[in-house]
There are 2 protein chains.
Amino acid sequence: MDRFLSNAVNRIDSKGRVSVPAHFRSVVQKRGFTELYALRALDIPAMDVGGLDLLDRYEERIAQEDPFLQTADDMSFFVHGDGTFLKLDQDGRITVTDFLREHTGITTDVAFVGRGLFFQIWEPERLKAHGQEVRARLLKLRQAAGSGVTAGQSAGSGVTAGQSE
Amino acid sequence: MDRFLSNAVNRIDSKGRVSVPAHFRSVVQKRGFTELYALRALDIPAMDVGGLDLLDRYEERIAQEDPFLQTADDMSFFVHGDGTFLKLDQDGRITVTDFLREHTGITTDVAFVGRGLFFQIWEPERLKAHGQEVRARLLKLRQAAGSGVTAGQSAGSGVTAGQSE
DNA sequence: TATTCGCCCATGGTACCCCATAGATCAAAT
DNA sequence: ATTTGATCTATGGGGTACCATGGGCGAATA
């Protein structure tokens, strides 16, 4: 399997390090990532983490915009300014910096959530709350639109698969 | 990686010096910048810092304007008249001049923000405020983008709509 | 002369390397 | 099925190199 799947909660040690789940590490290796790129998610207190391809994809998107309009500038500000590299140490751990803590609210434990081509980092309690919100939204969506909706909507999303515990 | 990424806040010492983040310095070297140019960003209290290519970028923008309009002349004046060199000392520090302070509002601390091919210098509090504005605009953009976005929105991740796959 | 600027070194903190260990997981064997 | 043993994984800690920061000093400048 070369997709990020399932989720796990690990503890931050006294030096501020936390193990990336072994399964995720093997995916990272299989996909040939040498560095991890982490980005603050827009409207949720989580970091999106992936390989350089994640960054490439964003930069391609930015390139489509008129480089002198505000939108392109905003996007670059977001992708470059609110992004960072996470270095895996030799034991497969990352250092949880203030930058990560600030956006996520992480203090002592880190939740890792597989999302297919990338994964996310959460503060465990907030993840739980968010999971319930997502579930409620999906339920409402299905009830509103009838039976065929689930398949049609989840086509480009991966939410239904990745979020379930 | 040879792009300016992530952000950091460093303190100005009693001599008016501040360290450029080590990661940025390595990018400067990798990209072969022999000198750093600092230009006033157009509509924000920040300095754009980069190599010669930074000037090219600005001039390209000016070229887009009608040369008979005042805008082009204003821009040229602004860019060429208000640029400086930033000299890195042996320990990778730059001196924060009054010129920098004036445009940015910097007093005791400097925020460095990666922007891909260049980086920016901000007063930390103003940066934070600007970041919130940018995020709000991007969020609005995504919500306005239409139906395909719904899934991407719960996926919570990026500027682009189709997040996974 | 007074001030600034560039170069040098010192230091505390942090990030990274290496190794150790307890618990979990899995396999084979009884 | 239970037990036993080998491997894998998360976690802890020691040591080291790097980095941000502070300060000294001499040369250039005003």
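The values are calculated or read from the model by the stated rules, or taken from the named source; none is laboratory data. This is a predicted model, so every value here is computed, not measured. Here Cβ is always computed from backbone atoms with ideal geometry, including for glycine, and neighbour counts include all displayed protein chains.
May I ask you to say which residue of A:S19, A:S26 is more than 10 Å from chain B (Cβ to nearest Cβ), within 12 Å of DNA strand D (Cβ to nearest atom) and crowded, with 19+ Cβ neighbours inside 10 Å? Let's see the steps before the verdict.
Numbers: A:S26 fails: crowded, with 19+ Cβ neighbours inside 10 Å.
Every option except A:S19 fails the conditions.
Within region A:8-21, does at least one residue satisfy the condition of being in contact with an Asp or Glu (Cβ under 9 Å, 6 or more places away or on another chain) and among the polar types (S, T, N, Q)?
Keep residues of region A:8-21 that are in contact with an Asp or Glu (Cβ under 9 Å, 6 or more places away or on another chain), which gives A:9-12, A:17-19.
Next, only the ones that are among the polar types (S, T, N, Q) stay: A:10, A:19.
Checking region A:8-21: at least one residue is in contact with an Asp or Glu (Cβ under 9 Å, 6 or more places away or on another chain) and among the polar types (S, T, N, Q).
Condition first: in contact (Cβ under 8 Å) with a residue 12 or more places away in the chain and in a helix (DSSP H, G or I). Can you find one or more residues in region B:108-123 that meet it?
As a first pass, look at region B:108-123 and keep what is in contact (Cβ under 8 Å) with a residue 12 or more places away in the chain: B:108-123.
Among the residues that remain, those that are also in a helix (DSSP H, G or I) are: none.
Checked against the condition, which is being in contact (Cβ under 8 Å) with a residue 12 or more places away in the chain and in a helix (DSSP H, G or I), region B:108-123 yields no hits at all.
Residue by residue through region A:70-83, note down the ones that are within 18 Å of A:D43 (Cα to Cα) and not in a loop (DSSP other than H, G, I, E, B). Please lay out each step first, then the result.
So the first thing to find is which residues in region A:70-83 are within 18 Å of A:D43 (Cα to Cα), and the list is A:71, A:74-83.
Result: A:T71, A:D74, A:M75, A:S76, A:F77, A:F78, A:V79, A:H80, A:G81, A:G83.
Find the residue count for region A:40-60, including only residues that are within 8 Å of chain B (Cβ to nearest Cβ) and not aliphatic (A, V, I, L, M).
5
I'd like to verify a number: residues in region A:83-105 that are in contact with a Leu (Cβ under 9 Å, 6 or more places away or on another chain) and of a type in the set (K, R), how many?
1
Going by the structure shown, is B:V18 within 16 Å of DNA strand C (Cβ to nearest atom), closer than 21 Å to B:T108 by Cβ and of a type outside the set (K, R)? I'd like the intermediate steps shown before the answer.
Numbers: within 16 Å of DNA strand C (Cβ to nearest atom): yes; closer than 21 Å to B:T108 by Cβ: yes; of a type outside the set (K, R): yes.
Here the answer is yes, as B:V18 does meet what is asked.
Tally time: how many residues in region A:59-82 are touching a residue at least 24 places away in the same chain (Cβ under 8 Å) and either more than 26 Å from A:N7 (Cβ to Cβ) or surrounded by 23 or more Cβ atoms within 10 Å (Cβ to Cβ) (or both)? First the steps, then the outcome.
To start, the set of residues in region A:59-82 that are touching a residue at least 24 places away in the same chain (Cβ under 8 Å) comprises A:78-79, A:82.
From the residues that got through so far, the ones that are either more than 26 Å from A:N7 (Cβ to Cβ) or surrounded by 23 or more Cβ atoms within 10 Å (Cβ to Cβ) (or both) too are A:79, A:82.
Adding up the residues that qualify gives 2.
Please count how many residues of region A:35-80 are under 10 Å from the mean Cα position of the chain (by Cα) and small (G, A, S).
4
Answer yes or no as to whether A:T84 is within 12 Å of another protein chain (Cβ to nearest Cβ) and within 16 Å of DNA strand C (Cβ to nearest atom).
Yes.
Please determine whether any residue of region A:87-97 is over 29 Å from B:E60 (Cβ atoms), modelled with pLDDT under 95 and more than 12 Å from DNA strand C (Cβ to nearest atom).
So far as region A:87-97 goes, no, none of its residues is over 29 Å from B:E60 (Cβ atoms), modelled with pLDDT under 95 and more than 12 Å from DNA strand C (Cβ to nearest atom).
Here is a check on your reading of the model: is A:T34 out of contact with any His (no Cβ under 8 Å at 6 or more places or on another chain), within 16 Å of DNA strand C (Cβ to nearest atom) and without any contact (Cβ under 8 Å) to a residue 24 or more places away in the chain?
yes
Kindly provide the set of residues from region A:29-39 that are surrounded by fewer than 15 Cβ atoms within 10 Å (Cβ to Cβ) and at the interface with chain B (Cβ under 9 Å from one of its Cβ atoms), ordered by number.
Passing the criteria: only A:E35.
Under 24 Å from A:H130 (Cβ atoms), over 13 Å from the mean Cα position of the chain (by Cα), more than 13 Å from DNA strand D (Cβ to nearest atom) and away from chain B (no Cβ under 12 Å): does that describe A:R101?
In short, yes.
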